[in-house]
Amino acid sequence: MNKVHNLKKYLTLKNGFKLICGANNENYFEIEKLVALYSKAGCKFFDINASFDAYKAAINGLKYSNCFDSEHFICISVGTDDDMHFKKCAIDFNNCTHCAKCKEICPQKAINDFKIDEKKCIGCLLCFENCPTGAIKPYKTDNDFDELFSLFSLVDCIEFHISSSDVVEIKQKWNKIISNYNGLISICINRSVFSEKNTIDLLNELIVQYPYTMIQADGKPMSGNINDYNTTLQAVAFADLIRKSKISCPLYVSGGTNSKTKELLKLFSIDVNGISIGSYARKIVKKYIDRDDFLSNRKVFEEALNIAKDFTNGILN
Ligand code: SF4
Ligand code: SF4
């Protein structure tokens, strides 16, 4: 069976799991380690930064776990210019009082000596939201995917992030993708951007032009750091809205997803095909992943694997 067939089949499941390594995560060694760990734990679908380096890292991770085959899928993320998934942060030294709150809260451990490591920063904006002096400045990263068309041919899925209300830009970028790609497209749309009606109208309009599409209902982007019901509520409510609209393509949820998401979806009888999880799935194994010897120290890898397996099994079963 070929890979396209396998991916289509995977999307018919009701309990898929996509690991989000971070749309803007350029820490390539971390990507390799996350993919190695979670593929070994049973995850088959991986969402990474749109770059050749991230792609190579993901392939290395799959090879490490003997999962480089037609049953494991790689998705890259592109998006509209203002999409928060493509921001990073910097510190304005003139306003910084060295309180270290940003360092304490950063899930990526990207802040050291009051400097933000651009490669490690994923733009979650937690430092920005918690800085008492307004010293954290978000900035846009280069999100021009015209140069990535040769990467398109290598991957199984392109995720198109929509969190801008600029419909002209959305349609221009959508047309560029569908003119240069013939694999699966995941539309990851942010719940807070449009009214409910405009969201559904836009999705219908895009999907009719390219039917090999899945939707990722993004409740509150990059907010899944806490493992409670409230954190995952927006994602679940957004999935409910899309299901009630009768749009029939495969549906995943993201944005605040954690170990409670599946339970909440079940409680409200919301029928999705899978859950995409980033922040929380990375957080539970972070202390292992951060080790330089993660892939060479069998004991460390196995400890992390037990945690990743428990988590993955909870979603897949
Ligand atoms: S939270 Fe703000 S003021 Fe405190 S160390 Fe970070 S940048 Fe400086
Ligand atoms: S808290 Fe988020 S936005 Fe701030 S430096 Fe860390 S990863 Fe980047």
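The values are calculated or read from the model by the stated rules, or taken from the named source; none is laboratory data. Keep in mind the model is a prediction, meaning the values are calculated, not measured. Heads up, the Cβs are rebuilt from the backbone with ideal geometry, glycines too, and the neighbour counts pull from every protein chain shown. What goes into the accessible areas is simple: the full protein's heavy atoms, side chains included, and nothing from ligands, DNA or RNA. Shrake-Rupley method; radii C 1.70, N 1.55, O 1.52, S 1.80 Å.
Quick notes
- Convex hull volume per residue in cubic angstrom - Cα atoms of the chain: 128 Å³
- Cα extents for segment 66-109 along the principal axes, largest to smallest and rounded to whole angstrom: 52, 29, 12.
- Between the residues Ser245, Ser192, Val167, the greatest Cα displacement towards the positive end of the dipole of the chain, with unit charges on the Cβ of Lys, Arg, Asp and Glu, is found for Ser245.
- Legend: distances between Cα atoms for Lys33/Lys115; Lys56/Lys287; Lys220/Lys244; Lys14/Lys246; Lys87/Lys244; pairs beyond 28 Å are Lys87/Lys244.
- Average accessible area per residue (Å²) across segment 87-140 - probe 1.4 Å, nucleic acids and ligands excluded: 58 Å²
- Burial ranking of peptide ranges 33-39, 155-161, 289-295 (average Cβ count within 10 Å, highest at the top): 33-39, 155-161, 289-295
- Only protein atoms count toward the accessible area here, which uses a 1.4 Å probe; on segment 87-140, the carbon and sulfur part of that area reaches 52 percent.
- Taken over segment 96-231, the alpha-carbon convex hull comes to 151 cubic angstrom per residue.
- Net charge, Ile289 excluded, C-beta distance under 9 Å - Lys, Arg +1, Asp, Glu -1: +3
- Ellipticity estimate at 222 nm from DSSP helix runs (n ≥ 4, -39,500 (n - 2.57)) divided over the chain, nearest 500: -12000 deg cm²/dmol
- Taking amide hydrogens as placed 1.01 Å from N in the peptide plane, the amide H of Glu159 sits under 5 Å from those of Ile76, Ser77, Val78, Ser186, each at least 5 positions away in sequence or on another chain.
- Ordering of 213-222, 96-105 by packing [mean C-beta count within 10 Å, highest first]: 213-222, 96-105
- Nearest-20 debye value, the chain charge dipole, Cβ charges on Lys, Arg, Asp, Glu: 900 debye
- Convex hull volume of segment 87-140 per residue (C-alpha atoms, cubic angstrom): 65 Å³
- Take every pair of alpha-carbon atoms less than 8 Å apart whose residues are at least six positions apart; their mean separation over the length of the chain yields a relative contact order of 20 percent.
- Within the chain, Cys21, Cys43, Cys67, Cys89, Cys96, Cys99, Cys106, Cys121, Cys124, Cys131, Cys188, Cys249 have no other Cys Cβ under 4.7 Å of their Cβ and so lack a disulfide-compatible partner by this rule.
- Put simply, when 12-21, 188-197 are sorted by average Cβ atoms within 10 angstrom per residue, most first, you get 12-21, 188-197.
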